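Peer 1: Just dropping this structure here.
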Amino acid sequence: MKFAKVALKRYWGIAALLVFWQVGVTWSGLNSIVLPPPTAVVADIVSNPTIYVENSVYTLELALVGLLLGTVFGTAMAVGAWSSRVLRGMFLPLALFLSSIPVVAIIPVIARLLGYNILTVGAVVVIISFFPAFIFTSTGLKAAPAGSGDLFKVLGAGRWSRFAALALPSSVPSWMTGLRIAAPPAVLAAMLGEYLIGKDGLGYLFRSAAADFNVERALGVSVLATIVSVLSFGAARAAEEIVSERFR
């Protein structure tokens, strides 16, 4: 009972929207092919759990792998930019260029190079994920307490000794923030790639449902995609709080 009260206080807006949706569709008499009621969407999810779960897991796994690879690449580029002015001048414009290109525009180019398969979808997720890691890690590497860098120099510490003992620990909270911010877009990027060229996953399931005018299934996929994105954000946020607490 207490949990229900807390949930209602936090998510009353969503509850009100669902009620308005249900009542509006019922009173207006809209055909389900135009807009089905939320009860029909929930009924489709409950009646076909295997389809939804399998495709959700597929999309989540793809997003997770792409997120991790993108984070690794972004972190490596940030470390390179920290270590060399030449690399910083090379990586920063490249990162800004890649992040400014619309994903829909770059997918055909990647598909030409890697093929119309899961590799292209994964590459899209990597491109979406690496920019937050690059920016936040770069910021974190410069977040050491004022004067600490000079102290290390006075003590005779080399550049990489300062990196391992000072810059790297200082960057961990920012690095985790970048991971949290990149998590939901990674799921959406995976879905977009699946929608355009995939053969599995929530994006492909949405495309198939839309082509068959199965609006209940399409909206059900949208609901599951939202849930997966929120869960990924929540998991990344929980990890951020745990890790950042140890490095403060």
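Peer 1: Among (1) at pLDDT below 80; (2) out of contact with any Leu (no Cβ under 6 Å at 6 or more places or on another chain), where does Phe206 come up short?
Peer 2: (1)
Peer 1: Considering only residues that are of a type in the set (Ser, Thr, Tyr) and closer than 27 Å to Gly198 by Cα, which ones fall in the range 62-111?
Peer 2: Within the range 62-111, Thr71, Ser99, Ser100 qualify.
Peer 1: Pairs needed: first member in the range 33-47, under 14 Å from Ser222 (Cβ atoms); second member anywhere, part of a helix (DSSP H, G or I) and charged (D, E, K, R); C-beta distance under 8 Å; at least 6 residues apart or different chains.
Peer 2: Listed pairs, sorted by first residue: Pro36/Glu216; Ala40/Glu216; Val41/Glu216; Asp44/Glu216; Asp44/Arg217.
Peer 1: Moving to a separate point now. Return yes when Gly115 is surrounded by 15 or more Cβ atoms within 10 Å (Cβ to Cβ) and not aromatic (Phe, Trp, Tyr) and no when it is not.
Peer 2: Criteria not met by Gly115.
Peer 1: Right, something else. Could you identify the single residue in Leu62, Leu67 that is part of a helix (DSSP H, G or I), within 23 Å of Ser208 (Cα to Cα) and in contact with a helix residue (DSSP H, G or I) (Cβ under 7 Å, 6 or more places away or on another chain)?
Peer 2: Step by step, each of Leu62, Leu67 is checked, and only Leu62 is part of a helix (DSSP H, G or I), within 23 Å of Ser208 (Cα to Cα) and in contact with a helix residue (DSSP H, G or I) (Cβ under 7 Å, 6 or more places away or on another chain).
Peer 1: Look through the range 235-248, keep the residues that are loosely packed, with under 13 Cβ neighbours inside 10 Å and not in a loop (DSSP other than H, G, I, E, B), and return whichever of them is modelled with the lowest pLDDT.
Peer 2: Arg246
Peer 1: Take the range 12-56 and flag every residue that is in a loop (DSSP other than H, G, I, E, B) and polar (S, T, N, Q).
Peer 2: Asn31, Ser32, Asn48
Peer 1: Shifting gears a bit: Between Gly140, Gly193, Gly198, which is closer than 23 Å to Val243 by Cα and modelled with pLDDT of 80 or more?
Peer 2: Answer to the check: Gly140.
Peer 1: Moving to a separate point now. May I ask you to verify whether Ile128 is surrounded by fewer than 22 Cβ atoms within 10 Å (Cβ to Cβ) and not basic (Lys, Arg)?
Peer 2: no
The values are calculated or read from the model by the stated rules, or taken from the named source; none is laboratory data. Bear in mind that the values here come from a model prediction, so they are computed numbers and not experimental data. Here the Cβ is made from the backbone with ideal geometry for all residues, glycine too, and neighbour counts use every protein chain on show.
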